[in-house]
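Report on one structure; see the data block that follows.
The values are calculated or read from the model by the stated rules, or taken from the named source; none is laboratory data. All of these numbers come straight from a predicted model, not from anything done at the bench. FYI the Cβ positions are ideal-geometry reconstructions off the backbone, even for glycines, and counts take in every protein chain you see.
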Amino acid sequence: MNNTADAIVVGMNVAGATISKELASLGLDVLVIERLPQKRIGEKTCGDGLEKHEFKRLGMLLPEGKFIIREITRGELIAPDLKSSITAQAEGRGINRYQFNQHLVSLSLKEGVTLLDETVAISPIFDGQRVAKKASGITVRDNQGNTKRIKGKIVIDCSGVFARIRNQLPSSWWVSEKVDSKDTAVCYRETRKFGFELDELFVRAYFSKEVAPGAFYWIGCQNLRTVNIGIGILRTPGHPNPKRQFYAKLLPRHPYLEKGTITWKSGGVVPARRPLDCMVANGFLTLGDAACQVNPISGGGIGPSMFAGKLAATVINEALENRDTSIESLWRYNKNYNDQYGFVQAGGQIFREFLSSLSDEDMNKILGVQILSEEDILYALEHGKLDAGFVTKIKLARKLIRYPNLLILLRKMQSRMEKVRSLYLAYPETPRDFLSWRTKVHTFFNDQ
């Protein structure tokens, strides 16, 4: 087991595999700590899709490989009463999430990354005191119960939503921000295979507070005989168990699913909010779910994680070349991420909170009169706001005149998305202005 490395990465899902590969390709000595055995990396609850618009807007090529199952050209949003829907021309690719992650791991190892699998990251190691204090390594424990201290020039936490290392950093460090449980979702998912062919290929997201309070459930075809079925529920106080909801509420609404044989099942927790206010500290950086880098509307995190990995690698390499891994040296990662994607997430959180606040009856009304069109949904997913024409459309929505409260909520949601977009596009250039910016952000999100 290595005792030192230029960079220590904790976790090797999409974020960890991406940044470790990028850093190694720049000639750095990279060590990854992964709790699972290598053959199980990538076993994660997921919608199994790549959204083309995210890769396009972030200037990344869409991944290619044997992990691709099929092309997706449209998706459907279904109202709680199952009577109304929006069909969106949402281009994407259905993938085998496990095979995709294994592909990323393979690329990383080919670049010379050292993987310590079946090894748990226990706690961070620090050097220095007070303002000079910095992360300088990790204490780990292998599958034989042996512990060891590994020193590194920078520590990178990609350990998922529970951020095992980040959450052990000093509370005074901005990056140690605690994520409220209500800004995460608990999920359960199964893959089922049928002995017959379905009538068509489809991807459908269903809104229903009765089934999936605060979020949604989905059914997506991998092929005409296999479907991916999942449910997400916001972790608000007293939230129901997603697996129980799956069997007690979801399956009875779609009886044909019970005819399928279960080929895969898993559960987990995912973030459903904007990125962390600050994602760096002295000798430390975080990305992926550990940094809440997902689209809060769709829950998709593959594109943002890969983008963050490439962005962070450039900043880290320059910091190491300058022998300076201070928060000031790493700050550009914060700024660049928020300028290019954080504002989309922040707007997405507003949109997600709006949808979560609606009753099933109100959702039926909105989808029934098509006040939210496929263009609106796609624009919100891609830009973190609704286009300018949406305000005009609200004014002309005669079918909603009987529901003045809904019109007020729609106008407020549009206005808040615009305001938070402006806030995030004004992310501070240096740590000096961070506290005043953070105060504005927290005031905004606490003012409902």
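Structural remarks
- When 27, 16, 65, 59 are screened for being in the same structural domain as residue 117 (by TED's automatic domain parsing) and either under 30 Å from residue 202 (Cβ atoms) or out of contact with any strand residue (DSSP E or B) (no Cβ under 6 Å at 6 or more places or on another chain) (or both), only 27 passes.
- For region 366-381, the set of residues classified as crowded, with 20+ Cβ neighbours inside 10 Å and modelled with pLDDT of 75 or more consists of 366, 367, listed by residue number.
- Taken over region 244-285, the residue count meeting the criterion of being among the charged types (D, E, K, R) and under 21 Å from the mean Cα position of the chain (by Cα) is 4.
- Selection status of residue 86, β-branched (Val, Ile, Thr), closer than 29 Å to residue 36 by Cβ, modelled with pLDDT under 90 and not assigned by TED's automatic domain parsing to the domain that holds residue 23: no
- So residue 150, is it β-branched (Val, Ile, Thr) and under 20 Å from residue 28 (Cα atoms): yes
- Elements of type strands (runs of 3 or more DSSP E) in region 59-128, at least 1 residues being closer than 25 Å to residue 222 by Cα: 68-72, 75-78, 85-88, 92-95
- The residue list 78, 19, 8 contains one member that is surrounded by 16 or more Cβ atoms within 10 Å (Cβ to Cβ) and touching a Phe, Trp or Tyr at 6+ places or on another chain (Cβ under 7 Å), which is 78.
- Test result for residue 267, within 21 Å of residue 355 (Cα to Cα) and either in contact with a Ser or Thr (Cβ under 9 Å, 6 or more places away or on another chain) or in contact (Cβ under 8 Å) with a residue 12 or more places away in the chain (or both): no
- Any hit, region 13-34, residues being of a type in the set (Gly, Ala, Ser), in contact (Cβ under 8 Å) with a residue 12 or more places away in the chain and part of a loop (DSSP other than H, G, I, E, B): no
- The set of residues from region 26-78 being in contact with a Pro (Cβ under 8 Å, 6 or more places away or on another chain) and not hydrophobic (A, V, I, L, M, F, W, C) comprises just one member, 54.
- Residues of region 271-297 that are surrounded by fewer than 22 Cβ atoms within 10 Å (Cβ to Cβ) and either assigned to a helix (DSSP H, G or I) or in contact with a strand residue (DSSP E or B) (Cβ under 9 Å, 6 or more places away or on another chain) (or both): 273 alone.
- Some residue of region 384-403 being closer than 30 Å to residue 276 by Cα, of a type in the set (Phe, Trp, Tyr), modelled with pLDDT of 95 or more and crowded, with 18+ Cβ neighbours inside 10 Å: no
Yes or no, residue by residue, for (1) under 17 Å from the mean Cα position of the chain (by Cα); (2) under 27 Å from residue 103 (Cβ atoms); (3) at pLDDT 95 or above; (4) crowded, with 24+ Cβ neighbours inside 10 Å:
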| residue | (1), (2), (3), (4) |
| --- | --- |
| 303 | yes, yes, no, yes |
| 318 | no, no, yes, no |
| 322 | no, no, yes, no |
| 329 | no, no, yes, no |
| 335 | no, no, yes, no |
| 340 | yes, yes, no, no |
| 347 | yes, no, no, yes |
